[in-house]
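**Q** Take this structure, written in C-alpha cells, and hold onto it; I'll ask about it next.
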Amino acid sequence: MSTVAVAIICKTPAPGKSKTRLSPPLRPEECAEISACFIADLSATIAALTAEGDAQGYAVYTPAGTEAALTRLLPLDFGLVLQGEGDLGQRLDKGIADLLALGHAGAILINSDSPTLPKALLREAVEALKSGDRVVLSPALDGGYTFIGLSRPHPQLFADMPWSTPEVHRLTLERAHDIALPVVELAPWYDVDDAASYALLERELDGLPLSFAPADLARQPAARTAAFVRRRRAAASALPAQAGAA
C-alpha cells in the first residue's frame, strides 16, 4: 500500500477527563468542549490531506467503548485504532506498529492539542515517509514534538522517555542518531495545553503572526475552535453588563 496513515492520538472528550491543564482558565465542561473542537478541526485538516490520494486518516483513541461519541467528531472515512496499555511511549510505539501493520507505507501520530497545525507540514511529512526508513518530526515549543512519523517501527525512540519534559525532542534526536536512523525535521508548531498556550491560540486566531512559524506557512482556519473562542469571549464580555443590570 503506497498510502501513509495520518492519525490523531486522542482521548474521547469527557468533562473532568479532557485537557485538565486548561482549567483554569477554562471550566471542566469547556475543556471537554474545546477538546472536541480540536479533534474535529485537526481531523478536517487530515481529511483535506487524504483527499490528495496518498494518505488515510485515523484516530488512535482511548477509552474503549467511546467509539460512537468519537466518530461524531471525525470525517466518515476515518479509521479507528484502539490505543494500547502502558505509558505514552508504549502507546505511541504500538500505535505506529498497528498502523503500519495495516499495510501503509508510513504512519504519522499527531497530538490532539494542535487544531491549527498546517496541512503543509503534514504534506511534507507524508512525502518524506514515502522515501524510505526515517523519522519525521515537527518539534513542539515545549520541548516535545507535535507529531512523529515513521516508515518502520523503532521502539527505541519511545522506551523510557521522560514524557512531558523539555528533553523529549532532544532525546529523540539522540536515539535516532544512535541507531543510524535518518531524521527529517520540519517547522515547529505548538500544543494548546495550558493557559499560556491557550492565549497563544487566541492570538493566532486573531490573525497575529507566530514568531516561530515561517511567514509563508498557510494557517488552518480551525473553524470549530475559532467558534468556541468567539463564544467564550462573547459570554465573558456580557458578564459586566449583566452584573450592572442586576
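Each value in this text was obtained by applying a stated rule to the coordinates, not by laboratory testing. Treat the numbers as computed from the prediction; the structure is a model and nothing was measured. Backbone-built Cβ (ideal geometry, glycine too); neighbour counts: all protein chains shown.
**Q** Looking only at region 127-142, count how many residues are closer than 12 Å to residue 183 by Cβ and of a type outside the set (Gly, Ala, Ser).
**A** 6
**Q** Just to check your reading of the model, which residue among 91, 123 is among the charged types (D, E, K, R), in contact with a Gly (Cβ under 6 Å, 6 or more places away or on another chain) and in contact (Cβ under 8 Å) with a residue 12 or more places away in the chain?
**A** Of 91, 123, the one residue that is among the charged types (D, E, K, R), in contact with a Gly (Cβ under 6 Å, 6 or more places away or on another chain) and in contact (Cβ under 8 Å) with a residue 12 or more places away in the chain is 91.
**Q** Checking residue 4 against (1) touching a residue at least 12 places away in the same chain (Cβ under 8 Å); (2) within 17 Å of the chain's Cα centre (by Cα); (3) surrounded by fewer than 22 Cβ atoms within 10 Å (Cβ to Cβ), which test does it fail?
**A** (3)
**Q** For region 176-213: of the residues being touching an Asp or Glu at 6+ places or on another chain (Cβ under 7 Å) and either among the polar types (S, T, N, Q) or within 15 Å of residue 31 (Cα to Cα) (or both), which is surrounded by the most Cβ atoms within 10 Å (Cβ to Cβ)?
**A** 192
**Q** Of the residues 57, 95, which single one is part of a helix (DSSP H, G or I), among the small types (Gly, Ala, Ser) and within 16 Å of the chain's Cα centre (by Cα)?
**A** Answer to the check: 95.
**Q** For the structure I just gave you, tell me whether residue 65 is within 15 Å of residue 11 (Cβ to Cβ) and assigned to a loop (DSSP other than H, G, I, E, B).
**A** yes
**Q** Right, another one. Considering every residue within region 81-94, establish whether at least one is of a type in the set (A, V, I, L, M), surrounded by 22 or more Cβ atoms within 10 Å (Cβ to Cβ) and under 20 Å from residue 144 (Cβ atoms).
**A** Yes, region 81-94 has at least one match.
**Q** Out of the residues in region 177-196 that are free of Cβ contacts under 8 Å to residues at least 60 places away in the same chain and farther than 19 Å from residue 126 by Cα, which is nearest to the chain's Cα centre (by Cα)?
**A** 196
**Q** Among the residues of region 1-44, write down those that are in a helix (DSSP H, G or I), β-branched (Val, Ile, Thr) and out of contact with any Pro (no Cβ under 8 Å at 6 or more places or on another chain).
**A** Answer for region 1-44, where residues must be in a helix (DSSP H, G or I), β-branched (Val, Ile, Thr) and out of contact with any Pro (no Cβ under 8 Å at 6 or more places or on another chain): just 34.
**Q** Still on this structure: Assigned to a helix (DSSP H, G or I) and surrounded by fewer than 17 Cβ atoms within 10 Å (Cβ to Cβ): does that describe residue 169?
**A** No, not satisfied.
**Q** State the number of residues belonging to region 80-89 that are under 16 Å from the mean Cα position of the chain (by Cα) and outside any loop (DSSP other than H, G, I, E, B).
**A** Of the residues in that region, 4 qualify.
**Q** Still on this structure, I have one more. Could you check, for region 150-161, whether at least one of its residues is under 25 Å from residue 212 (Cβ atoms) and among the small types (Gly, Ala, Ser)?
**A** Taking every residue of region 150-161 in turn, none turns out to be under 25 Å from residue 212 (Cβ atoms) and among the small types (Gly, Ala, Ser).
**Q** Moving on to the next point. Looking at region 98-116, which of its residues are in a helix (DSSP H, G or I) and either under 16 Å from the mean Cα position of the chain (by Cα) or more than 21 Å from residue 39 (Cβ to Cβ) (or both)?
**A** Within region 98-116, 100, 101 qualify.
**Q** Out of 71, 45, 12, 20, report the one residue that is in contact with a Cys (Cβ under 7 Å, 6 or more places away or on another chain), within 22 Å of residue 228 (Cα to Cα) and β-branched (Val, Ile, Thr).
**A** Going through 71, 45, 12, 20 in turn, just one is in contact with a Cys (Cβ under 7 Å, 6 or more places away or on another chain), within 22 Å of residue 228 (Cα to Cα) and β-branched (Val, Ile, Thr): 20.
**Q** Among the listed residues 65, 86, identify the single one that is without any contact (Cβ under 8 Å) to a residue 24 or more places away in the chain and in contact with a Lys or Arg (Cβ under 9 Å, 6 or more places away or on another chain).
**A** Checking each option against the conditions leaves just 86.
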